[in-house]
1. Can you give me the span-like helices of the chain, meaning DSSP H runs with 18 Å or more of Cα extent along the axis and Kyte-Doolittle mean at or above 0.0?
2. Only one of the values (i) 66; (ii) 55; (iii) 52 was calculated from this structure for percent of Cα pairs over 15 Å apart; name its label.
3. Tell me what the chain gives for mean residue ellipticity at 222 nm when only DSSP H runs of n ≥ 4 count, each as -39,500 (n - 2.57), the sum divided by the residue total, rounded to 500 deg cm²/dmol.
4. Given 0.36 nm per residue, what is the gain on full extension from ALA63 to LEU16 after removing their alpha carbon distance, in nm?
Amino acid sequence: MALEECAEFIMSIAKLQRKTNGTTLDGVCDEIADVKIMMEQMHLIFPDELIKTHREEKLKRLAERIGKDYGGET
């Protein structure tokens, strides 16, 4: 189901960008909500500490790329 929700989100963004098929900002926001709910479910399945570790590494790398000091968990 995670794959399906992400695919629907991707398609809604692509349609909004191309301004086709009647996709609206509201439709994209609806898909964002679905993906966020799915990610919350995924947090229950996968080890939280491992997710936190990967998130921290990615946030540090992002901060380095944009030249900001990253002080840790937000």
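1. 2-18, 25-45
2. Computing percent of Cα pairs over 15 Å apart and matching it to (i) 66; (ii) 55; (iii) 52 gives (i).
3. Using -39500 (n - 2.57) per qualifying helix, the result is -26500 deg cm²/dmol.
4. 14.0 nm is the gain from fully extending ALA63 to LEU16.
The numbers here are math on the coordinates, done by the rules we state, and not lab data. Just so it is clear, the structure is predicted and the values come from calculations on it, not from any experiment.
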